[in-house]
Amino acid sequence: MRNGGGRTSHTHLNGLAATQEPFAIILGCSDSRVPAEIVFDQGLGDLFVIRVAGNIVAPSQIGSVEFAAARAGARLVVVLGHSRCGAILATLEELARPSNDQSRNLRSIVERIRPAIQPILMSQITPTDDVLIRRAVRANVTASVSHLRHGSDVLERLIQTDGLVIVGAEYCLETGVVEFFDGV
Ligand SMILES: [Zn+2]
């Protein structure tokens with residue numbers, strides 16, 4: 001990890017203006033408390049960051065990862081979920097009490113999260129349960145990792161032949177610690 005010294009100098013900016021070589025791609029949540037560059041203490045040009053509520057994977061997110069991996073050369077993709085994610089909570093609420101007044105656009109996010117966490121909800125009692133929320137956050141990250149690994153011919157080829165690695169992680173709002181998942 002590089003420190004922040006000189007990362008906004010004119011020399012550094014001039015170098016970056018010509019090209020970018022981020023070493024990692026982060027697909028994270030838009031939550032204001034989880035800015036990837038600050039969480040990982042990185043500077044300009046270090047991370048290629050895609051942020052969307054609930055760190056979901058839709059075609060435009062896959063396209064962004066493909067761009068950064070194929071053209072900018074990054075070989076590490078981190079799907080970064082976080083504790084108390086509002087998008088997960090909204091999906092759990094929707095599953096518990098379906099409503100019709102949700103906008104079509106917001107619903108499109110919930111619908112992407114729903115398949116990952118529906119099985120967990122079936123085996124639990126109440127959606128306000130902390131354990132349930134934690135499991136749902138992790139299941140959603142795992143689903144996004146799987147979707148990126150298997151939902152793109154470009155990424156699949158880079159994984160098989162060119163060292164691309166896609167992993168899941170969770171940022172804890174309370175402690176500031178990022179935990180990387182094994183075996184996902
Ligand atoms: Zn979130």
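Test GLY163 against the criterion of being surrounded by fewer than 15 Cβ atoms within 10 Å (Cβ to Cβ) and touching a Lys or Arg at 6+ places or on another chain (Cβ under 6 Å), and give yes or no.
Numbers: surrounded by fewer than 15 Cβ atoms within 10 Å (Cβ to Cβ): yes; touching a Lys or Arg at 6+ places or on another chain (Cβ under 6 Å): yes.
Here the answer is yes, as GLY163 does meet what is asked.
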Inset, instruction - Tell me, please, whether a residue that is in contact (Cβ under 8 Å) with a residue 40 or more places away in the chain, more than 16 Å from the ligand (Cβ to nearest atom), more than 13 Å from the chain's Cα centre (by Cα) and under 28 Å from SER152 (Cβ atoms) can be found in region 36-45. - result: yes
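With LEU132, LEU158 as the choices, which residue is more than 16 Å from the chain's Cα centre (by Cα), of a type in the set (A, V, I, L, M), closer than 22 Å to ARG84 by Cβ and open to solvent by less than 80 Å² (accessible area, probe 1.4 Å)?
Checking each option against the conditions leaves just LEU132.
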Legend entry - So ALA70, is it in contact (Cβ under 8 Å) with a residue 24 or more places away in the chain and among the aliphatic types (A, V, I, L, M): yes
Inset, instruction - Test VAL79 against the stated conditions and say whether it is of a type in the set (A, V, I, L, M), within 16 Å of the ligand (Cβ to nearest atom) and under 23 Å from PRO22 (Cα atoms). - result: yes
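The values are calculated or read from the model by the stated rules, or taken from the named source; none is laboratory data. For clarity, every value in this text was computed on a predicted model and none was experimentally measured. Glycine also receives a Cβ, built like all others from the backbone with ideal geometry; neighbour counts cover every protein chain displayed. Ligands, DNA and RNA are stripped out before the accessible areas are found, and what is left, the full protein with its side chains, is counted by its heavy atoms. Shrake-Rupley method; radii C 1.70, N 1.55, O 1.52, S 1.80 Å.
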